[in-house]
Amino acid sequence: MKVHISVVIPAHNEEKYIKRCIDSIKDADSVFPGNTEIIVVCNRCTDHTADIAKENGAIVRFNEDRCIAKVRNEGISAAKGKIIVTIDADNRMTKGTLREIYSLLRTGKYIGGGAPIRFERYSFPLWCNDIMCRISFAITGLYCGIFWAEKETFDQIGGFAGKKAMEDVATAKLLRKYGKKHGRKYTTLRKNYLINSTRKYYDLGDWLYFKLIFKNMGTFLKALLGDRSGLDKLLDDMFYDYK
């Protein structure tokens with residue numbers, strides 16, 4: 001069977017969320033005329049993520065790096081599809097996502113792109129976060145969330161930029177730069193979007209990222225001056241070791 005799209009999901013102890021992510025991809029595949037494979041890259045998992053992924057039809061790979069870019073690249077290297085789509089394990093895609101991605105790439109106008117982000121629930125601080133994201137995306141054009149491009153394109157840019165954080169923005173810049181050389185634009189989905197998980201907000205409060213910015217301002221400044229020890233610990237706590 002020819003695979004048209006490979007969806008890569010990095011996952012660190014995501015047994016509570018991986019099935020709903022896979023289900024959203026299957027829903028999107030149901031209205032996509034081609035064939036889709038789902039690749040879950042288990043990163044230092046100590047729970048049942050791998051078992052649940054296999055039970056729900058996903059291909060499972062393993063990676064031990066504390067670098068989300070390397071985890072995603074592990075999945076890309078194993079992919080058989082001409083088109084690569086990435087999504088985090090606790091998020092979901094809307095039903096027309098794969099069909100829209102395929103249609104946009106077939107026009108030949110686009111090198112790839114991202115997706116608008118919508119939270120799975122809202123409160124005043126989450127609306128503030130949402131608006132901040134929308135303004136940032138509108139100004140920079142560096143849409144993230146769900147990434148999509150041809151596998152050949154990811155190979156040409158060396159995969160996701162090898163950073164522990166903000167690798168999404170760095171990768172969007174690489175895709176846009178590569179696209180510009182070939183007369184193709186970096187864009188975003190128009191009809192579909194990423195359904196963004198709010199699990200960290202449930203655990204740590206809806207003002208989470210605003211509080212993190214103010215509380216760790218000194219850590220960020222030190223990182224800009226070359227001392228990344230505090231920032232690396234913060235990234236591990238918030239992303240690589242988060243339950």
Item checked: Among the candidates LYS200, LYS222, LYS191, residue that is at pLDDT 85 or above and either outside the structural domain of ASP47 (by TED's automatic domain parsing) or not in a loop (DSSP other than H, G, I, E, B) (or both) -> LYS200
Next item on the list: Assess whether ILE146 counts as being aliphatic (A, V, I, L, M), at pLDDT 95 or above and more than 18 Å from LYS177 (Cβ to Cβ).
Entry: yes
Item checked: Restricting region 57-82 to residues that are out of contact with any strand residue (DSSP E or B) (no Cβ under 8 Å at 6 or more places or on another chain) and of a type outside the set (Gly, Ala, Ser), the residue that is surrounded by the most Cβ atoms within 10 Å (Cβ to Cβ) -> ASN73
Note to self: So the check is Cβ under 6 Å with 6+ separation or different chains; which pairs have a first residue in region 141-156 that's over 15 Å from ILE101 (Cα atoms) and a second one that's modelled with pLDDT of 95 or more and part of a strand (DSSP E or B)?
What the structure shows: PHE154/ILE84
Next item on the list: Please specify each residue of region 110-145 satisfying the condition of being under 20 Å from GLU167 (Cβ atoms) and touching a Ser or Thr at 6+ places or on another chain (Cβ under 9 Å).
Entry: ILE111, GLY112, GLY113, GLY114, ALA115, PRO116, PHE137, GLY141, LEU142, TYR143, CYS144, GLY145
Check: Which numbered condition trips up ALA161, out of (1) touching a residue at least 12 places away in the same chain (Cβ under 8 Å); (2) among the aliphatic types (A, V, I, L, M); (3) not in a loop (DSSP other than H, G, I, E, B)?
Finding: (3)
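Let's see how each residue does on (1) touching a Leu at 6+ places or on another chain (Cβ under 6 Å); (2) at pLDDT 90 or above; (3) in a helix (DSSP H, G or I):
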residue: GLY108; (1), (2), (3): no, yes, no
residue: CYS128; (1), (2), (3): no, yes, yes
residue: LYS173; (1), (2), (3): no, yes, yes
residue: ASP206; (1), (2), (3): yes, yes, no
residue: ILE213; (1), (2), (3): no, no, yes
Notebook entry, point to check: Out of (1) surrounded by fewer than 16 Cβ atoms within 10 Å (Cβ to Cβ); (2) part of a helix (DSSP H, G or I), the odd one out for GLY183 is which?
Noted result: (2)
Next item on the list: Considering (1) touching a Phe, Trp or Tyr at 6+ places or on another chain (Cβ under 8 Å); (2) not in a strand (DSSP E or B), say which one GLU100 fails and leave the rest.
Entry: (1)
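The values are calculated or read from the model by the stated rules, or taken from the named source; none is laboratory data. Just so you know, these numbers come straight off a predicted model, no measurement behind them. All Cβ positions, even for glycine, are placed from backbone atoms using ideal geometry, and neighbour counts span all protein chains on display.
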